[in-house]
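Data first, discussion second: the structure below is written as structure tokens.
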Amino acid sequence: MKDRLIFYGYLAALVLFSLTHNEYILGSAIVLAIILSGKKRVYLLKKSLLSFALFGVGVTLAYALISLLKSQDLTFLASFNLRIFLFFYLAFWVIEEVNIFNALPKKLSFALALAFSTILHYKKSFLDFWLGVKSRWPGFRYSYWVKSLKAFSFLFINKSLHDSKEMGYGMRSRGFFDD
């Protein structure tokens, strides 16, 4: 119940802060979130700042350059950057606090579990494939990379087709579809 309450509160906060354009409200929400996050605040701040640096700085610079050419007001950037940082912080906080499988309805958590297992399966296959390719290369060459990319694409397309059929059969046999 706690996980569900936090998750739906998070979704409500996303909607609320998406509609808010006041820099003071957004800044106050960031300070409040940092205070309420307790012992995890340093870890969450590091993750949020790194993510913001990777995403927010590029978008901010692009918008600033475009606004110089079109002579637009730059005050929008303050609320935009505060909102993005707040969203990063809240997202990382919720990921740390909530077991997403308990927060979602049962059928949706089944679908999410299926998606996670598929992601992990493909990640393992990708790493195995990549390690195999790297072990066969004497050094990096573009021609080797193109050949391995072709083989990699062929492998994953066939794997996706095969796995989707198998998963569909398994889900159907367990009554997931109402045919």
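Placing unit charges on the Cβ atoms of the charged side chains and taking the dipole of the chain about its Cα centre, the candidate lying farthest along the positive direction among Leu86, Thr75, Tyr122 is Tyr122. Taking 0.36 nm per residue of sequence separation and removing the Cα-Cα distance, the Ala13/His121 pair yields an extension gain of 35.6 nm.
Under a model in which nothing but the beta-carbon of Lys, Arg (+1) and Asp, Glu (-1) is charged, segment 2-102 shows a dipole of about 260 debye around its Cα centre. Scan segment 87-179 for GluC sites (Glu not before Pro) in coil per DSSP, keeping those whose Cβ has at most 12 other Cβ atoms within 10 Å, and list them by number. Nothing satisfies the criteria. Sorted ascending by nearby beta carbons within 10 Å, beginning with the fewest, Tyr10, Tyr89, Tyr144 become Tyr144, Tyr10, Tyr89.
For the chain, the relative contact order works out to 30 percent when only alpha carbon pairs closer than 8 Å and six or more residues apart are counted. Round to a whole angstrom and tell me the spacing of the C-alpha centers of segment 107-154 and segment 52-71. Value for the Cα centre distance between the two parts: 34 Å.
In the chain, a dipole from Cβ-located charges (positive for Lys and Arg, negative for Asp and Glu) runs towards its positive end, and of Gly9, Trp137, Leu112 it is Trp137 whose Cα lies farthest in that direction.
Where (1) 12.9; (2) 16.6; (3) 10.3 are the candidate values, the label of the one calculated here for mean projected area of the Cα convex hull in nm² is (2). Projecting the Cα atoms of Ile157, Gly27, Tyr43 onto the charge dipole of the chain (Cβ charges, centred on the Cα centre) puts Ile157 farthest toward the positive pole. Put in line by how crowded their Cβ is, counting other Cβ atoms within 10 Å and starting with the fewest, Phe88, Phe101 read Phe101, Phe88.
When only the Cβ of Lys, Arg, Asp and Glu is charged (+1, +1, -1, -1), the dipole of segment 67-155 relative to its Cα centre reaches about 580 debye.
Shown in residue order for segment 67-73 are the 3J(HN,Hα) couplings computed by the Karplus curve 6.51 cos²θ - 1.76 cosθ + 1.60 at θ = phi - 60°: 5, 5, 6, 9, 6, 9, 6 Hz (x for Gly and Pro). Rounded to the nearest 20, the Cβ-based charge dipole of the chain about its Cα centre (Lys and Arg +1, Asp and Glu -1) stands at 700 debye.
No lab work stands behind these numbers, since they all come straight from the coordinates. All values reported here derive from a predicted model rather than from experimental measurement. Glycine also receives a Cβ, built like all others from the backbone with ideal geometry; neighbour counts cover every protein chain displayed.
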